[in-house]
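K.L.:
Once you've had a glance at the structure underneath, I'll fire off some questions.
Laboratory data are not the source of any read-out in this text; all were calculated from the coordinates shown. Everything numeric in this text was worked out from a predicted model, so none of it was measured. For neighbour counting, all protein chains shown are included, and Cβ atoms are generated from backbone atoms with ideal geometry for every residue, glycine included.
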Amino acid sequence: MRMKKGSWSSFLKLWVALCTVLLVWTPIPKAQAAVTQAGVVQNININDSANAAAWSLQYSLQPGDKQYGDRATTITTLPDPYYGWQWFQAAASSKNYTGSTLLSFQVLVKAQIYVAWDSRKTLPSWLSGWYDTGDDMVNSDSVRFRVYKKDVSANTNVALGNSSGGDSYTVIVKDLSPIGWAGYDALGQNGTTGGAGGAIVTATNQQELEAYANSADPLTIRVQGTISMSPWGYKVKVKSNKTIIGLGTNAALVYGGLEVTNNEKNVIIRNLTIKDSFQSWDGKLGDWDAITVQNGAHHVWIDRCTLTHMEDGLMDVVKGGDYVTLSNTVLSNHNKTIGIGTDGYANRPRVTIHHNFFNGTNQRNPRVNRADVHVFNNYYLNIGDYGITSHNDADVLVEGNYFKDSEDVTQIDLATLGDIVFTSDNIKDNCTGANDTRGSVFNPADYYSYIKDSASTVPANVLKTAGAGKIRK
């Protein structure tokens with residue numbers, strides 16, 4: 001068929017118009033892909049959409065971890081300061097990304113951000129101003145990564161550039177302040193910062209520990225090795241503005257514990273095992289808790305500790321103690337685990353309990369008396385008598401926890417009624433007995449931000465992060 005004169009010109013115009021329409025209406029691929037938020041990190045975006053599926057946010061960095069989601073390379077040398085913190089497992093293929101921002105995220109709390117940068121490549125302008133720690137991380141390909149640090153405040157948005165063609169960098173996030181009630185500004189205290197800004201000292205015996213803990217100055221007290229307390233059950237009193245942190249994997253207090261009392265405030269206890277003041281299963285021979293917060297003491301953060309086999313409680317917040325967070329801690333081999341609140345005191349203690357491992361703790365996990373308590377993302381295993389109980393006008397929110405092989409996961413004291421809400425996202429695995437719920441409770445989100453993991457991931461996440469020795473310093 002022959003076209004009439006001018007038909008070719010008309011056809012070409014029509015073809016150009018059609019192509020223009022197709023170009024206008026062709027969907028443009030989304031440039032950003034989100035990684036699941038967790039811990040203290042949220043609003044995560046990987047701008048390398050082609051390789052975003054290989055990225056993930058991980059708990060508790062350790063040697064032997066795969067550095068990349070798309071390569072078998074592992075981390076072989078990891079300096080002590082970086083053990084145990086949240087980190088991004090990157091895509092090795094993201095080394096080829098050339099956009100200005102590869103990774104962005106927001107931190108919920110005050111934190112230190114570390115970038116382990118391929119030492120073979122010139123430092124990029126976006127890392128200028130970051131502190132050179134002098135530390136090197138090494139992987140199984142024998143590539144050295146120099147670690148750079150930046151301090152950021154809560155709710156900071158962090159944006160990191162590309163890898164300049166070097167091997168993909170590793171990002172580590174170290175939380176310096178707590179999620180939950182211990183991070184809440186109240187009673188003249190802005191969150192819980194411990195001994196920040198003060199001197200760093202080391203205690204190797206009870207006398208040194210007590211002298212430092214009773215100092216009026218802000219201090220970070222490093223506990224080295226095992227300290228045997230005397231007399232049996234003795235508790236060192238800790239004054240305000242202190243961080244007590246165990247060094248390495250074997251820092252421990254044996255036969256005694258710690259006490260924050262008499263309106264002292266702003267105390268952090270981390271990476272410490274406290275154990276073995278046990279005398280009787282009913283706990284009535286001595287008030288020898290692992291950690292006691294009482295008599296108006298407030299803003300105490302207990303994190304990444306192991307508390308076991310003590311007389312009376314593992315952690316008690318009583319007699320006016322307030323604004324406490326217990327996180328990433330192992331509580332085991334004990335009868336009366338946690339008591340919160342005391343009859344006859346005007347205040348309502350506020351306590352957050354998250355990402356802890358309750359292993360064979362018989363009862364009081366916790367027992368809550370006229371207090372506001374938030375219990376989320378904990379792993380309960382082999383609870384023999386009961387899990388969590390509420391009485392005397394207490395408010396207890398229980399959400400996103402995993403209960404396994406346990407009895408009576410929640411109870412209400414019928415004699416002195418309290419409220420307890422057990423949300424539908426908790427998981428019970430081979431549990432029997434009561435699962436009480438009653439009334440309505442406070443909303444933690446009205447007071448602080450937090451990220452709740454899916455309960456199905458809680459056992460694996462908690463076992464990786466909880467307990468002393470997961471961090472080193």
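K.L.:
Where in region 334-358 does the amide nitrogen come within less than 17 Å of the point 7 Å from the Cα of LYS464, taken along Cα to Cβ?
P.N.:
355-357
K.L.:
If packing is taken as the mean number of other Cβ atoms within 10 Å per residue, what is the order of 213-221, 43-51, highest first?
P.N.:
Packing order, densest peptide first, comes out as 43-51, 213-221.
K.L.:
For region 214-284 and region 315-341, what is the centre-to-centre distance using only Cα atoms, to the nearest Å?
P.N.:
A separation of 14 Å, based on Cα centres.
K.L.:
From the cross-link list LYS150/LYS404; LYS121/LYS452; LYS66/LYS121, which pairs have alpha carbons spaced over 30 Å apart?
P.N.:
The pairs that break the limit, which is 30 Å between Cα atoms, are LYS150/LYS404; LYS121/LYS452.
K.L.:
Hey, another quick one. Can you grab the distance from the C-alpha centre of region 422-442 to the C-alpha centre of region 342-398, Å, no decimals?
P.N.:
What the calculation gives is 13 Å, centre to centre.
K.L.:
In region 78-131, which trypsin sites (Lys or Arg not before Pro) fall in coil by DSSP and have 13 or fewer other Cβ atoms within 10 Å?
P.N.:
ARG120
K.L.:
Continuing with the same structure: What are the principal axis extents of the Cα atoms in region 41-175, in Å, biggest first?
P.N.:
Dimensions of region 41-175 along the principal axes of its Cα atoms: 36, 33, 27 Å.
K.L.:
Moving on. Per-residue counts of other Cβ atoms within 10 Å, averaged by peptide: what ranking do you get for 180-188, 428-436, highest first?
P.N.:
On the way: 180-188: 19.9, 428-436: 14.6.
Per-residue mean Cβ counts within 10 Å order the peptides as 180-188, 428-436.
K.L.:
Could I ask something else about it? In nm, to one decimal, how far is the LEU414 label point from the ARG120 one, both placed 7 Å along Cα→Cβ?
P.N.:
Here the modelled spin labels are 7.2 nm apart.
K.L.:
Per the Kirkwood formula on distinct C-alpha pairs, the Rh of region 188-465 is how many angstrom?
P.N.:
About 18.5 Å, per the Kirkwood formula over Cα pairs.
K.L.:
Another question, then. So in the chain, what percent of DSSP beta bridges are antiparallel if you round to the nearest 5?
P.N.:
Details: 42 of 133 bridges.
The antiparallel fraction comes to roughly 30 percent.
K.L.:
Okay, next question. In terms of Cα to Cα distance under 16 Å, which aspartates and glutamates are near enough to LYS149, apart from those fewer than 8 places away along the same chain?
P.N.:
In chain and number order, the partners are ASP80, ASP118, ASP132, ASP135, ASP136, ASP175.
K.L.:
Nearest 5 percent is fine: what portion of the DSSP beta bridges confined to region 364-412 is antiparallel?
P.N.:
Beta bridges within region 364-412, antiparallel portion: roughly 0 percent.
K.L.:
In whole angstrom, how long is each semi-axis of the equivalent ellipsoid of the chain, when you take the square root of 5 times every eigenvalue of its Cα gyration tensor and sort them from largest down?
P.N.:
48, 28, 19
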